Amino acid sequence: TDMLDPAAPPDPHALLGAVFGFDAFRPGQAEIVEAVTAGRDVLAIMPTGGGKSLCFQLPALCRDGLTVVISPLIALMRDQVRALREAGVEAGALTSGNTEEETEDVWQAIEAGRLKLLYIAPERLASGGTERMLRRANCTLIAVDEAHCVSQWGHDFRPDYLRIGDLRRALGVPLAAFTATADAETREEMVRRLFDGTPPQTFLHGFDRPNLTLAFEPKNKPRDQILSFAEARRGRSGIVYCGTRSKTEGLAQALREAGHAACHYHAGMEAEDRRLVETRFQQEDGLIVVATVAFGMGIDKPDIRWVAHADLPKSVESYYQEIGRAGRDGAPADTMTLFGADDIRFRRQQIDEGLAPPEMKAADHGRLNALLGLAEAQVCRRVTLLAFFGETAEPCGNCDLCANPPDLFDGTTEVRKALSAMLRTDERFGIGHLIDILRGTETDKTRRFGHHDLPTWGVGADLAKHQWQAIFRQMMGLDLVRPDPERHGALRFMEAARPVLRGEAEVTLRRDTIKRAERRPAVKQ
Ligand code: ADP
Ligand code: ZN
């Protein structure tokens, strides 16, 4: 088309409509498109579905030469290439899934200098010819999709992503990196490995989903809690996420007994049965799917009205992704997450017993702690959540904490007692044993280590075991302490704990989570 005539200076806005068929940019897109088109190094962090691909496709059309797109997802690359070609854009992919003919077409387009976008899988970077080929093809921009794959502490690490930095240096062209993963460590690692440590222009946008109501509830009678949440939304499509497969079946059954249309879903089911549930959910109104995290990839239902977690997810990212499946149409949708001490234990154990290297386990504990911090947040849930992604916000008025601000108190004395129990025992013990020391509860272990002689022995006898657990949980949430996965969960001090120990900082705690603990049935010691 005329739009793609290289002689005419391409206008991003005109191309947005003519090539992509969109009326307007989404929030954040225009700035990113402008910076990438101008040839600046860019790191853009946007939530899944936020419209990242446009942010490198459009600049590719506005710039001279070829844009190489590195992506680990072959199916996604092929989709994008097909869509671009249908829109009249010269795009191609070199992947293992190509037919000979497709590959030949791509080469011809490169030879003729016609190709604007070339998608490659990271594995291709391992072959020496790629850099030469890109040079010959007049590659003037590198776009990296799923840029967090360069992080060794992440779960999607792709060793070949480590070659991207070399490619950038060799070609001497700008690089635009895109990801939905926003935690600070991953971001720092992307800058280090993709941009040689020189911070690129960074964009972070669009994590807020204002139409979602956010709420957390401590587990009390979890089945009843889920049933009453569903009851209040009877007839509306929803998802209940569970931590285990067996639980999905039981809970779906309970929902059916309460008169809801409900079915279960997990990865252990026959593919055919799973597809059946997916189709029903897509087509029926008001079906509840009780599922493990296996449900969701590829579910593209805009009018899911609620998502509940019967068990605590494993990280803030998972939480965000799972609640994010609700309300895609922008209409109000409700979310509610249950959490309890058993969940925390379950998640910790899952991490510790996993096969990941120690550093990754530590990172996973950190991710879980961040979620615990959100669960026991002291201010607006959305402000806390968005802060995790690096965005600032005003109290939202659409979360449980805005509706009912928690009762706070100065918990410095309690926290200091807990910290000093750790200090006296050289940070060598886990929460259970520390609570025994604080409460002066004799066990074989306290006797074996002679802990009843400690100055902290029994200084916390005024609080019940569960109250101390609530305090430790909040201390973890505030990142004052962290369990060390290499030492069976022995609690370690974090930097923020030192001023508290020295008496230079105070700690505010939530009273409700500690009071609530009081009402729990006493556990036999
Ligand atoms: P992701 O950020 O997950 O890679 P995509 O680039 O796949 O997201 O975009 C998600 C969806 O949003 C796609 O269906 C895309 O066509 C659509 N989209 C992207 N930008 C716009 C826009 N400016 N206006 C309307 N729809 C858009
Ligand atoms: Zn709020």
Diffing region 233-242: the Karplus 3J(HN,Hα) column from phi (6.51, -1.76, 1.60, θ = phi - 60°), in whole Hz with x for Gly and Pro, holds 10, 3, x, 10, 5, x, 10, 10, 8, 10
The Cα extents of region 262-352 along the principal axes, largest first and rounded to whole Å, are 39, 34, 20
Answer in debye to the nearest 20: the dipole magnitude of region 213-337 about its Cα centre, from +1 Lys/Arg and -1 Asp/Glu charges placed on Cβ, is 200
Inverse of <1/r> over all distinct C-alpha pairs of region 139-178, i.e. the Kirkwood Rh in Å, gives 10.5
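Dividing the convex hull volume of the alpha carbon atoms of region 348-493 by its residue count, what do you get in Å³ per residue? It would help to have the intermediate numbers written out before the result.
Numbers: hull volume 18.4 nm³, N = 146.
It is 126 Å³ per residue.
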Checked against the positive end of the charge dipole of the chain (+1 on Cβ of Lys and Arg, -1 on Cβ of Asp and Glu, about the Cα centre), the farthest of Asn98, Leu117, Gly28 is Gly28
Pseudo-spin-label distance Phe157 to Arg85, built 7 Å along Cα→Cβ, given in nm, is 3.6
For region 314-416 the mean separation of alpha carbon contacts under 8 Å (6+ apart) over residue count, i.e. relative contact order in percent, is 24
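Dipole size in debye (nearest 20) for region 1-145 around its Cα centre, Lys and Arg Cβ +1, Asp and Glu Cβ -1?
Values: 13 positive and 20 negative charges, 71 e Å.
That gives a dipole near 340 debye.
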Once amide hydrogens are built 1.01 Å from N within the peptide plane, the residues lying 5 or more places from His264 or on another chain with amide H under 5 Å from its amide H are Val290
Whole-Hz Karplus couplings 3J(HN,Hα) for region 291-297, θ = phi - 60° and coefficients 6.51, -1.76, 1.60, Gly and Pro as x, run 9, 8, 5, 4, 8, x, 3
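What 222 nm value per residue comes from the helices of the chain, counting each DSSP H run with n ≥ 4 as -39,500 (n - 2.57) and dividing by all residues, nearest 500 deg cm²/dmol?
Numbers: 22 runs with 221 residues, N = 525.
Mean residue ellipticity, 222 nm, calculated: -12500 deg cm²/dmol.
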Simple spin-label estimate for Lys221/Val293, 7 Å along Cα→Cβ, in nm, reads 3.1
Taking the dipole of region 393-525 about the Cα centre (Lys, Arg +1; Asp, Glu -1; charges at Cβ), the one of Gly430, Phe493, Thr513 that reaches farthest to the positive side is Gly430
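For region 113-161, what percent of Cα pairs sit more than 12 Å apart?
Values: 793 of 1176 pairs.
Of the Cα pairs, 67 percent sit more than 12 Å apart.
Report the per residue volume, in Å³, of the convex hull enclosing the C-alpha atoms of the chain.
Numbers: hull volume 90.4 nm³, N = 525.
Spread over its residues, the Cα hull of the chain gives 172 Å³ apiece.
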The FRET efficiency for Asn98 and Asp300, from their Cβ-Cβ distance with R0 = 30 Å and rounded to 0.05, is 0.70
Across all Cα atoms of region 399-473, Rg and the largest Cα-Cα distance (Dmax), in Å, are 14.3, 49
Bridge orientation stat for the chain from DSSP, antiparallel percent rounded to 5, came to 15
Here FRET efficiency (C-beta to C-beta, Ala14 to Asp342, R₀ 41 Å, nearest 0.05) is 0.10
Length-normalised contact order of the chain, Cα under 8 Å, at least 6 apart, in percent, tallies to 11
Rounded to two decimals, the Rg over Rh value of region 247-288 from Cα coordinates and the Kirkwood Rh reads 0.97
Checked against a 26 Å limit on the C-alpha separation, the offending pairs among Lys314/Lys417; Lys221/Lys314; Lys417/Lys445; Lys221/Lys465; Lys52/Lys116 are Lys314/Lys417
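Given 0.36 nm per residue, what is the gain on full extension from Thr413 to Asn138 after removing their alpha carbon distance, in nm? Present the calculation step by step, with values, prior to reporting the outcome.
Numbers: separation 275, 0.36 × 275 = 99.00 nm, distance 6.55 nm.
My answer for the length gained is 92.4 nm.
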Note: probe point = Cα of Ala126 + 7 Å toward Cβ; backbone nitrogen < 18 Å; residues of region 43-87 passing the test are 70-74
Under 5 Å from the placed amide H of Ala490, counting only residues 5+ away or on other chains, we find Asp484
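How big is the charge dipole of the chain about its Cα centre, in debye rounded to the nearest 20, if each Lys and Arg gets +1 on its Cβ and each Asp and Glu gets -1 on its Cβ?
Values: 67 positive and 76 negative charges, 356 e Å.
That gives a dipole near 1720 debye.
Kirkwood Rh, region 1-120, all Cα pairs: how many Å?
Working: mean 1/r = 0.0673 Å⁻¹.
For region 1-120, the Kirkwood estimate is 14.9 Å.
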A correct Kirkwood calculation over the Cα atoms of region 47-105 returns a hydrodynamic radius in Å of 12.5
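Give me the percent of Cα-Cα pairs in region 222-307 that sit more than 17 Å apart, rounded to a whole number. Please list the in-between numbers first.
Values: 1437 of 3655 pairs.
The share of Cα pairs beyond 17 Å in region 222-307 comes to 39 percent.
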The answer for the chain, counting only DSSP H helices whose Cα atoms cover 24 angstrom or more along the axis and whose Kyte-Doolittle average is -0.5 or greater, is 358-375
Of all C-alpha pairs within region 51-188, those more than 19 angstrom apart amount in percent to 47
Note, region 201-207: 3J(HN,Hα) by Karplus (6.51, -1.76, 1.60, θ = phi - 60°), whole Hz, Gly/Pro = x, goes 5, 10, 10, 9, 7, x, 7
Cα-based Rg/(2.2 N^0.38 Å) for region 154-221, rounded to two decimals, is 1.58
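Readers should treat all values here as calculations from the given coordinates under stated rules, not as data from a laboratory. Being a predicted model, the structure only gives us computed values, none of them experimental. FYI the Cβ positions are ideal-geometry reconstructions off the backbone, even for glycines, and counts take in every protein chain you see.
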